[in-house]
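Handing you a structure now.
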Amino acid sequence: MTTAPERTADLYPTRGTEEVLIERKDPVVWSEPGTPGPIEADDLAGFERDGFLAIDQLITPDEVSVFHGELERLINDPTMRADDRSIVEPRSQEIRTIFEVHKISELFAKLAADPRVVGRARQILGSDVYVHQSRINVKPGFGASGFYWHSDFETWHAEDGLPNMRTVSVSIALTKNYDTNGGLMIMPGSHKTFLGCEGATPKDNYKRSLQMQDAGIPSNETLTSLAADYGIRLFTGEAGSATWFDCNAMHGSGDNITPFPRSNVFIVFNSVENPAVEPFAAPVRRPEYIGARDFTPVK
Ligand SMILES: O=C(O)CCC(=O)C(=O)O
Ligand SMILES: [Fe+2]
């Protein structure tokens, strides 16, 4: 008798022949109620309900200038521009995203391990955590393109093999996020429903999708009904402010045609109890600088 190889059940099918709405099968906050941590109980309840938590000042203005200086150094470094981990704007050829900044830069590694940052991630995910992905989205002025509506988890499940919704992102503003320069928009409450998208994942999809998405895109009909149900919240704030958001929150951001760059560093924490397996809906894994395979916890 032969036994089939063990396979993780797919709780969230996606990239099939039609769009499907599936009720979330995982908790949003994984720690036991009352577990001590930097997030107050009310704020944690708000995160559970809305799928996000905005913080006015996560890092101080002095710290912002250090991190912003580091960002400038990276985007002006010719070796960085030639690195696979840098993605350029299709039109202006300016740097759009730098992946794996916590590996490239000691300063950003320290930021990921800062108790104000990793402490909140551990509290939400109820375990030790590792960095699944980090990136700076530079959003330079004068024409940086936006990020179309998506759930990060849909991509991380389909293309990186994260089995469960036990992943959280923080977006920390390194420049002021105005209501005009392409700030992050989230549909509050959308994280409680998984939207399985229509259409198979092309091979090497990530190379195109990092400049412009075309797989894992919700239909206009579904976005219309989600927006009617949940509304859309825009996140603005001073440099140093931060937005925590659940991996399955429906979010996106518009182009930045202002002269003011909107540069935010995103750090994605995944629970060590939810390590990546094989992709659920893609022919190959994405590179490790986009979807980590080293599950060593952040200390
Ligand atoms: O930078 C933004 O405004 C959103 C980015 C985003 O959603 C992503 O990189 O997955
Ligand atoms: Fe995203």
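Given the structure, is Leu226 of a type outside the set (Lys, Arg), free of Cβ contacts under 8 Å to residues at least 40 places away in the same chain and not in a loop (DSSP other than H, G, I, E, B)?
yes
The rows are residues; the columns are (1) among the basic types (Lys, Arg); (2) more than 30 Å from Lys192 (Cα to Cα); (3) in contact with a Ser or Thr (Cβ under 9 Å, 6 or more places away or on another chain); (4) touching a residue at least 24 places away in the same chain (Cβ under 8 Å).
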position: Val20; (1), (2), (3), (4): no, no, yes, yes
position: Asp26; (1), (2), (3), (4): no, no, no, yes
position: Ile39; (1), (2), (3), (4): no, no, no, yes
position: Gly51; (1), (2), (3), (4): no, no, yes, yes
position: Gly69; (1), (2), (3), (4): no, yes, no, no
position: Leu74; (1), (2), (3), (4): no, yes, yes, yes
position: Thr79; (1), (2), (3), (4): no, yes, no, no
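Looking only at residues that are hydrophobic (A, V, I, L, M, F, W, C) and open to solvent by 20 Å² or more (accessible area, probe 1.4 Å) in the range 260-280, which one is nearest to ligand 2 (Cβ to nearest atom)?
Once the filter is applied, the top-ranked residue is Phe280.
Quickly run through the range 130-155 and pick out the residues that are near ligand 1 (Cβ under 10 Å from one of its atoms) and hydrophobic (A, V, I, L, M, F, W, C).
Residues satisfying the conditions are Ile136, Val138, Ala144, Phe147, Trp149.
Something else about it: Among the candidates Val28, Val66, which residue alone is open to solvent by less than 50 Å² (accessible area, probe 1.4 Å) and either among the β-branched types (Val, Ile, Thr) or assigned to a strand (DSSP E or B) (or both)? First the steps, then the outcome.
Numbers: Val66 fails: open to solvent by less than 50 Å² (accessible area, probe 1.4 Å).
None of the others qualify; the one that does is Val28.
Take the residues of the range 246-299 that are basic (Lys, Arg) and within 16 Å of ligand 1 (Cβ to nearest atom): which is nearest to Ala144 (Cα to Cα)? Show your work before the answer.
Going residue by residue through the range 246-299, those that are basic (Lys, Arg) are 262, 285-286, 293, 299.
From what is left, the residues that are within 16 Å of ligand 1 (Cβ to nearest atom) are 262, 286.
On the way: Arg262: 9, Arg286: 24 Å.
Going through the qualifying residues, I end up with Arg262.
Here is a follow-up. Could you please give the count of residues in the range 121-167 that are within 12 Å of ligand 2 (Cβ to nearest atom) and in a loop (DSSP other than H, G, I, E, B)?
1
Quick one: count up the residues across the range 152-176 that are open to solvent by 10 Å² or more (accessible area, probe 1.4 Å) and touching a strand residue (DSSP E or B) at 6+ places or on another chain (Cβ under 6 Å).
So the answer is 1.
Out of the residues in the range 89-113 that are outside any loop (DSSP other than H, G, I, E, B) and open to solvent by 30 Å² or more (accessible area, probe 1.4 Å), state the one that is farthest from Gln123 (Cα to Cα).
Taking the range 89-113 first, the residues outside any loop (DSSP other than H, G, I, E, B) are 95-99, 101-104, 106-113.
After this cut, where a residue has to be open to solvent by 30 Å² or more (accessible area, probe 1.4 Å) as well, the list is 102-104, 106-107, 109-110, 113.
Numbers: His102: 21, Lys103: 23, Ile104: 26, Glu106: 24, Leu107: 23, Ala109: 19, Lys110: 19, Ala113: 14 Å.
By that ranking, first place goes to Ile104.
I would also like to ask the following. Has the range 168-187 got any residue that is of a type in the set (Lys, Arg), over 23 Å from Glu23 (Cβ atoms) and either part of a helix (DSSP H, G or I) or in contact with a Cys (Cβ under 9 Å, 6 or more places away or on another chain) (or both)?
No; the residues of the range 168-187 include none that is of a type in the set (Lys, Arg), over 23 Å from Glu23 (Cβ atoms) and either part of a helix (DSSP H, G or I) or in contact with a Cys (Cβ under 9 Å, 6 or more places away or on another chain) (or both).
Select, from Asp255, Asp246, the only residue that is within 16 Å of ligand 2 (Cβ to nearest atom), open to solvent by 10 Å² or more (accessible area, probe 1.4 Å) and in contact (Cβ under 8 Å) with a residue 40 or more places away in the chain. Can you show your working first?
On the way: Asp246 fails: open to solvent by 10 Å² or more (accessible area, probe 1.4 Å).
Testing whether each residue is within 16 Å of ligand 2 (Cβ to nearest atom), open to solvent by 10 Å² or more (accessible area, probe 1.4 Å) and in contact (Cβ under 8 Å) with a residue 40 or more places away in the chain leaves just Asp255.
The values are calculated or read from the model by the stated rules, or taken from the named source; none is laboratory data. Computed from a predicted model, the values in this text were never measured in an experiment. Don't worry about glycine lacking a Cβ; one is built from the backbone with ideal geometry, like all the others, and counts go over all protein chains shown. We work out accessible area using only protein heavy atoms, side chains counted, and drop any ligands, DNA or RNA first. Shrake-Rupley method; radii C 1.70, N 1.55, O 1.52, S 1.80 Å.
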